[in-house]
Structures are given as structure tokens and as C-alpha cells.
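In what follows, a single structure is set out as C-alpha cells and then discussed.
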Amino acid sequence: MGNHTVEKIGGTSMTRFGELMENILIGQRSGAELYNRIFVVSAYGGVTDLLLENKKTAEPGIYGSFAAGDNRGWQNKLEATRSRLLELNRSFAGLGLDVAAADCFVNERMEGVKSCLLNLMQLRSFGHFHPEDYLPPARELLSSVGEAHSAFNSVQILRRHGVNAVFVDLSGWKDQETGTMEETIAQHLAGLDFASCMPIVTGYAKCAEGVMAKFDRGYSEITFSKIAVVTKAREGIIHKEFHLSTGDPKLIGVDKVRTIGHTNFDIADQLADMAMEAIHPKASKAMELHNIPIRVDNAFDPGNPGTLISRDYVSPEPRVDMICGRRDIIAIEVFDPEMVGQSGYDYKIMSSLARFKISYIAKNTNANTITHYVSERSPALEECLAEIKLNFPHAGISIRKVAIIAVIGSNMKLPGFLSRAAQALAGAGINILALDQCMRQVNMQFIIERDDFQTAQIALHRELVEKKDN
């Protein structure tokens, strides 16, 4: 392993760049202490939404309008996005950013994107070019702009503050040759002495397979992971705007939750299943296989070491790492008295889920009933449900909106944990609709009414976390 770390900074944090310099990038460091750190940066908060589409509302950005054929719309949004990027440049003038140089960088990239999209418009007007041929590359191109912008600015500012920062642009801007992501990373980092410079790397990395095509909006963490593996980092660090805590402080209370401190990759996967990603599951796998631990910390609480995720850690004593949940869950219940004893009945349901690329978060079965719990945001969910109903014409199929609350921990093999959890929910007046626990006992899942989502988490956290702390 090397002596360096690879560290990722998210978009919301990047917008607070002055604080990042005080807490992470520079702080009290000087000389050699500044280096042996590679930083992977995201686009400034909200920029990728403008370039592609809003991640939460799906409101189209430049790409969304272009893909829909709204020619006037995408051009107007491109100019609005350009204005936003130039506005961000001005916001960093007080930190020493050369605004004229930063504006020139933005305008070059945006003019290049505009020219490319106009050419694609002309090509598709002939009717011989299909959307599946030109839309994915257009999405890749637009995705690359935000990270290139934030990385360029970061290098300019850090250099003004005496840091030997190096702009590492993996976006492939005007590159004619494209290899794998690993080849792209190795090529651009070759020759850099990490002990004497601070590489600032774009979170987007151009590659032959298309990073957006494979990972979509989770690509910056994939880049982070690939760099850690290629360079044999001693540790990966993800700087967030919050700590990885025993519960959501907004639901449970800032004074009630505590930092987890230490857990393992298995638990990180369980959290990802509950949409509480410490890191993208596909990013963590490579680091887990190469035994590179990941630290998740709060970028604005520099004195706290955060939470270390390592391969073999198991809590020395039984405890709960986190109470979390999802309220975007649909229960698909198939009831059929003729199901009992049939082999392959569940396989038919799973075939429909697989065909429409819908993964389930939990599943319950008994003699006559199989229930799958899936995200209501799953694309093609309606089509999938229609096919299941068509395939099982004599079964009773019901759809119900529910929530899942999970109790997760690396070591919960203690008699009474499940009983205590159930009693806590009963004491709060909450009816458990269904529950699920595997024999490994790292995740208890309670299916409840959506209206009980917050109350359930408060009750479970009080019983399983706060009582132990007192």
C-alpha cells in the first residue's frame, strides 16, 4: 500500500470551499503535511441537476430537454447554466480565484458543448441516426462539465494559497483516444509525486464503457474507488456534510444520535439498501476486495475522526449501528391457495421483476402468499405489475404503500434484540405489518404503515441505542 489517501468531496461541500480549505485542504497543515492526499471533487451543488435533470424532481436540465427534442428549451437552459457557473466563479473571488481565467474556462466548455449538441441536432434531422446512438454520448459530455469546472477553480484557489495543486482532468475533453477507466486514471496520474503535490481530480472520468451508462449519477464515487485501487491508497476518505450516525438527526434529534465510529463493508451495503449510502455499493466492493478501508467524516467537524469502514470489523459487543428506513416502498402481495407445494412459483414473479430491472428490498413468504417490497420509484413499475397480474390470473394480487424500518448492526446476535424492538414499536402504538431477519442477524426489517415512519425510528432508537448509552 502507498502512503497516500484518496479523498472525495461532495457537491454541497464544494460550494463552501472557503470552509473546506480551513477544515480539510489546508487547515493547520504546512509543507509536506499538505501532500500525500489525492482529492476527487464533485460539481458544485445543483450544477449536475442543471446539466442533466433534477435528481429529486426529474425536472429536465440541458440533457433532459435535448433528449426530449425541445431544441429551444435546451439552448435556453444551457445559457442559464452558463450564467450559474459564472455566478459561482464570482462567489469565489474573495478566496483568490482569478475570475477572468475561470470564466474563460467555463465559456470554452459551454461553447464546445453547445456546438456539439447543435451538430447532433443537424444529424438527427436526417432520420438515419437513432437516439440510442447519440444520446448516451451527449449525456456523458454534459456530465463531465460540472466536475471539470469545480476542479479547475479549486486548483487556481489553492495555488494562490501556496499549495502545489495539480489539475487532473479525467473528463476526456477533446481526447480522441479512450481506454478503460483504470487506464485513464493511470495515464493522467503518471509521473505525479504525491508527496510533493496535491492532485485535484475530476469526479467524472471518461472511459470506453461510458461511466454514466454503467453508474449514472453515482459516478464520482466510482472514480474515487478506482483511483484508490489503481494507486494503492492506504485509506479512502469521504467528506460529507454530516456524520454517519446511529439515526437521522432530523428525525430523531441531533442531541440523541451519535457517530457510529467503526463498522464493516457488509453494514455499508445494508445501509445502501435502505437508501442511506455511505458509499455507492459498486464503489465499495473494489475497495473491500483490495482491503482499503473507507472513512466517512463530516467536512465541517474536523476534530471528529468520523466512521471507519473496514473489511473484517465486528463490534466486540452486541450493539445497533443504525436505525434507518425507507418510506417509498410498495408491497406487492400475491395470494394463491394453489401456491402451496408448487416449485418455481416465486421464480415466475422474480422473472417479471428481473425483466423490468426492479430489485426488491425485502420479501416475505408463507404457504399461500409471497410479498415483495420494492421502491415505488422503480422505472417500469406499472408495466411490471400489469405483467404479474396477467401471469397469475387466478391469484389475488394486492398493492399497498408501506414503509420499512431497519435495525442494522455488525453484531446483533444477542437474545432479546428482536423482542425489545417489537415491544418498543408496540409501546409506541405501532402495528407491525410484517418483519424480516436473516440468520446472520445484521439487519432486522419491520414493515409498517407510512404514517408511523418517524415515530417508529424514534421509538427504536430510544430503546436500542439511547438506553445503552445511558
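The values are calculated or read from the model by the stated rules, or taken from the named source; none is laboratory data. Because the structure is predicted, anything quoted here is derived from the model rather than measured. Positions of Cβ are backbone-derived with ideal geometry, glycine not excepted, and every protein chain shown enters the neighbour counts. SASA here: full protein model, heavy atoms, side chains in, ligands and nucleic acids out. Shrake-Rupley method; radii C 1.70, N 1.55, O 1.52, S 1.80 Å.
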Longest site-free stretch - the chain; sites: chymotrypsin sites (Phe, Trp or Tyr not before Pro), DSSP loop, at most 13 other Cβ within 10 Å: 130-470
Please figure out what share of the DSSP beta bridges in the chain is antiparallel and state it in percent, rounded to the nearest 5. 60
Roll a 1.4 Å probe over the protein chains and send me the accessible area per residue for the chain in Å². 45
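Tell me the net charge near Asn164. Cut-off is 14 Å between Cβ atoms, Asn164 excluded, with +1 for each Lys or Arg and -1 for each Asp or Glu. Display every interim value, and only then the final one.
Working: positive: Arg29, Arg37, Arg159, Arg160; negative: Glu33, Asp193.
Charge balance near Asn164 sits at +2.
Is there a quick way to get the dipole size of region 1-84? I mean about its Cα centre, with the Cβ of Lys and Arg at +1 and of Asp and Glu at -1; what is the value in debye to the nearest 20?
On the way: 10 positive and 9 negative charges, 13 e Å.
Dipole magnitude for region 1-84 comes out near 60 debye.
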With label points set 7 Å from each Cα along the Cα-to-Cβ direction at Lys363 and Ala186, the distance between them in nm comes to 3.9
Sorting Ser378, Ile397, Ala362 by the position of each Cα along the dipole of region 343-437 (Lys, Arg +1; Asp, Glu -1; all at Cβ), the one nearest the positive end of that ordering is Ala362
Residues of region 436-470 with amide N under 11 Å of a point placed 7 Å along Cα→Cβ from Arg258: 465-470
Residues meeting the amide H criterion for Lys8 (H placed from the backbone, H to H distance under 5 Å, 5 or more places apart or on another chain) are Val40, Ile237, Ile238, His239
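Counting each DSSP H run of 4 or more residues in the chain as -39500 (n - 2.57), what helix-only mean residue ellipticity at 222 nm follows after dividing by all residues, to the nearest 500 deg cm²/dmol?
For the chain, the value works out to -12000 deg cm²/dmol.
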Expressed in angstrom and rounded, the centroid-to-centroid distance over alpha carbons for region 205-234 and region 114-148 is 22
Taking R0 as 30 Å, what FRET efficiency do you get between Ser196 and Asn107 from their Cβ-Cβ distance, rounded to the nearest 0.05? 0.40
Partners for Lys114 among aspartates and glutamates (Cα-Cα distance below 12 Å; same-chain residues under 8 apart left out): Glu79
Calculate log10 I(q)/I(0) of region 244-355 for q = 0.12, 0.18, 0.20 Å⁻¹, where I(q) comes from the Debye formula with a single equal point scatterer on each Cα and nothing for solvent. -0.60, -0.96, -1.09
Starting from region 426-468, pick out the trypsin sites (Lys or Arg not before Pro) whose DSSP state is loop and whose Cβ has at most 16 other Cβ atoms within 10 Å. Arg440
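With all protein chains present and a 1.4 Å probe, how do Thr223, Thr231 order by accessible area, largest first? Kindly include the intermediate steps, with their values, before the conclusion.
Numbers: Thr223 0, Thr231 25 Å².
Most to least solvent-accessible, the answer reads Thr231, Thr223.
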Can you tell me which lysines have their Cα less than 23 Å from the Cα of Lys413? Leave out same-chain residues fewer than eight positions away. Lys363, Lys467, Lys468
Where the accessible area of the chain is counted over protein heavy atoms with a 1.4 Å probe, how much of it, in %, is carbon and sulfur? 51
As an exercise, identify the GluC sites (Glu not before Pro) in region 117-180 lying in DSSP coil whose Cβ has no more than 10 other Cβ atoms within 10 Å. Glu177
Region 1-46 - percent relative contact order, Cα under 8 Å, separation 6 or more: 63
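Once the piece of chain linking Asp301 and Asn54 is laid out straight, how much longer is it, given 0.36 nm per residue of separation minus the C-alpha distance between them? Mind showing how you got there, number by number?
Values: separation 247, 0.36 × 247 = 88.92 nm, distance 2.87 nm.
Between Asp301 and Asn54, full extension yields an extra 86.0 nm.
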Size of charge dipole - the chain - debye, nearest 20, with Cβ of Lys, Arg +1 and Asp, Glu -1, no other charges: 340
Span from the region 432-464 Cα centroid across to the region 336-352 one, whole angstrom: 27
Could you tally the net charge around Cys207, taking each other residue with its Cβ under 12 Å from the Cβ of Cys207, Lys/Arg +1 and Asp/Glu -1? -3
Span per principal axis, largest first, for the Cα atoms of the chain (Å): 69, 62, 36
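Can you pull out the trypsin sites (Lys or Arg not before Pro) in region 154-195 that DSSP calls coil and that have at most 11 other Cβ atoms within 10 Å?
Values: sites: Arg159, Arg160, Lys174; in loops: Lys174.
Sparse-neighbourhood loop trypsin sites (Lys or Arg not before Pro): Lys174.
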